[in-house]
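The values are calculated or read from the model by the stated rules, or taken from the named source; none is laboratory data. Please read all numbers here as calculations on a predicted model, not as lab measurements. We place every Cβ from the backbone using ideal geometry, glycine too, and count neighbours over all the protein chains shown.
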Amino acid sequence: MDRDEELRILDRALAHLHDKRLPLTDADSRVSTDRYQSPDWYRAELDQIFGRLPSMLVHGSELPGPGAFVTMEHFGRPLLVNRDRDGVAHAFLNACRHRGARLEQDPSGVRKHFTCRYHAWRYDTDGSLATIPSAHCFPGVDPAKRGLVALPVVEAYGFVWLMPEAAPGRADLDGFLGSFRHDLADLGLDGFEIYGAESQEWEINWKLVVEGTLEGYHFPFLHTKSANPLFENSTFFFDGFGPHLRSILPKRSINFVERTPREERRLLAVANVIHTIFPNETVLHQSDHFLWITAHPLGPARTLVKLRLIVPRGSVESDGAERWEENRALTYQVQYEDLEIYREIQIGFATGANEEHVLGTQEFALRTFHETVDRHLFGAGPGAQRDGA
Ligand code: FES
């Protein structure tokens, strides 16, 4: 964000500090609990949202040079994400073009070629078919037409994005991000690297993970001893950028910002800035580094949660991991405190205790998020009202 915007946001943070009852909206609202557990909802989300929007596959540093690769499951498809010998990022179906064996078995590494372990068909890092053992046995196979199946990707804003077939290019990514792309560009994430990646499957709906980053109402209660001492209660606010959200979570240090000359005030010294990239990615800016949270749906009540710190490139090597380890431990502790609650909430759905959840005015960003989900599923219209707000 530019300097004028930073100062405007600081002024808004001070306004929320001085009036803790400053509303984000004027009424509470409702969301149906069906949307967190119904197989029909889930199938509609896969079809209408995840199947049609860009996905952040990896941070660029997870493919650190030519030949580097990562494998993953992505909505039922095995992917091989890599850099070719020129450093260009690709995503391929991780399936041999002979008889379909999984081509690369390892989760990550570096290869000059990919060789299938079944009959040793070999592929170059750009996906082209390089070698067929006993090639004379395949007189009808044109190697030039039998390379790995490539999926459209764009590398931008520090990440490798898997793009929809119908909207495969950089212009499509920028159209999806809209004006939010300027915020992402300003983060300079291509100058950073991943530290301390963890992935766990949880018996929860993916939207619960996103919701947890969209309000500070729970901090004084759930995070009493972990995060709460760092943050100022009842001062969370946010802005929408199309489907994406930028949220501000002021720290206790906001209480002292007025002692600093206006021209010297810095937002990141007194607040975390949370970038919610619709539908399921969160990049949380904490002073000089980031927490990247992915809520990857595996089922209506099953989600792969990925946590990664994104730290200045080279800082682990130059300063030692200890610099980041304490930060990682506290940051992930807060996330696991949240995830335990989500798990209880998911169990609670099945009890039938609530047909709807109530969202207070401090939780207005959740309603905004659900309305965006609804727009993708049902077209224009206020989804929360559909649930009886
Ligand atoms: Fe890969 Fe035969 S299935 S070489």
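Summary table
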quantity: Total residues in region 1-49, condition under 24 Å from Trp206 (Cβ atoms), touching an Asp or Glu at 6+ places or on another chain (Cβ under 9 Å) and not in a loop (DSSP other than H, G, I, E, B); calculated: 9
quantity: Count of residues meeting criterion [in a strand (DSSP E or B), closer than 18 Å to Pro143 by Cα and within 11 Å of the ligand (Cβ to nearest atom)] in region 84-121; calculated: 3
quantity: Among the candidates Trp292, Trp324, residue that is over 22 Å from Val209 (Cβ atoms) and in contact with a Leu (Cβ under 8 Å, 6 or more places away or on another chain); calculated: Trp324
quantity: Restricting region 9-36 to residues that are farther than 30 Å from Val257 by Cβ and of a type in the set (Lys, Arg), the residue that is surrounded by the most Cβ atoms within 10 Å (Cβ to Cβ); calculated: Arg35
quantity: Of all residues in region 307-326 being among the aliphatic types (A, V, I, L, M) and in contact with a strand residue (DSSP E or B) (Cβ under 7 Å, 6 or more places away or on another chain), the one that is nearest to Gly158 (Cα to Cα); calculated: Ile310
quantity: Given (1) farther than 30 Å from Ala321 by Cβ; (2) away from the ligand (no atom under 16 Å from the Cβ); (3) outside any loop (DSSP other than H, G, I, E, B); (4) modelled with pLDDT of 95 or more, index of the condition Trp161 fails; calculated: (1)
quantity: Failed condition for Ala171, given (1) outside any helix (DSSP H, G or I); (2) over 19 Å from Val58 (Cα atoms); calculated: (1)
quantity: Matching residues, region 350-377, being over 16 Å from Gly212 (Cβ atoms) and part of a helix (DSSP H, G or I); calculated: Ala350, Thr351, Thr361, Glu371, Thr372, Asp374, Arg375, His376, Leu377
quantity: Among residues of region 231-250, those that are in contact with a Leu (Cβ under 9 Å, 6 or more places away or on another chain) and over 13 Å from Leu14 (Cα atoms), counted; calculated: 9
quantity: Those residues of region 78-96 which are surrounded by fewer than 22 Cβ atoms within 10 Å (Cβ to Cβ) and basic (Lys, Arg), in sequence order; calculated: Arg85
quantity: Scope region 122-132; condition part of a loop (DSSP other than H, G, I, E, B), within 16 Å of the ligand (Cβ to nearest atom) and closer than 25 Å to Trp161 by Cβ; matching residues; calculated: Gly127, Ser128
quantity: Entirely in region 181-270, the strands (runs of 3 or more DSSP E) that have 1 or more residues that are at pLDDT 95 or above and hydroxyl-bearing (Ser, Thr, Tyr); calculated: 192-202, 244-250
